[in-house]
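Participant: Handing you this structure, nothing more for now.
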Amino acid sequence: MTEVEIRTLEGNPMNTQFLLLAQYSGKTIIPVQEVCKDFFGHLTLQKFLRKHNSGEIDLPIVRIEDSQKCARGVHLVDLAHYLDKKREEAMKENNAMFGR
């Protein structure tokens, strides 16, 4: 990729959302089980939910109903923002490590 292509990709705020739309076949709400499996594979679903409920994982979870047993998921836009934020943090850490 050329420098211009990289800048274009990085400057496009829809890029992560677009990729997630493709990955999840256009779903708006992604089941929490899928998010856990795809992005937190080192955690069980119960551990993921525990970390979320304790505030360690700052990712809004949508409840489809008021019931405790209802389906839960993550809105695609929220997941994209979470991933972009984590990428920014990683870039800052990497740049600091290499003196950029």
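Participant: For region 44-100, which semi-axes, largest first and in whole Å, follow from the square roots of 5 times the eigenvalues of its Cα gyration tensor?
Facilitator: 31, 13, 7
Participant: Bins of 5 Å, beginning at zero and ending with the bin holding the largest distance: percent of Cα pairs per bin for the chain, please.
Facilitator: All Cα pairs considered, the percentages come to 2, 11, 17, 22, 18, 13, 9, 5, 2, 1, 0.
Participant: Calculated from DSSP H runs of 4 or more alone, at -39500 (n - 2.57) each and per residue, what is the 222 nm mean residue ellipticity of the chain, nearest 500?
Facilitator: -17000 deg cm²/dmol
Participant: Any idea what log10 I(q)/I(0) is at q = 0.16, 0.26, 0.34 Å⁻¹ for region 30-70, Debye with uniform C-alpha scatterers and no solvent?
Facilitator: The calculated log intensity ratios at q = 0.16, 0.26, 0.34 Å⁻¹ are -0.39, -0.99, -1.28.
Values quoted throughout were computed directly from the atomic coordinates according to the rules given, and no laboratory measurement underlies them. As the structure is a computational prediction, the values presented were derived from the model and not from experiment.
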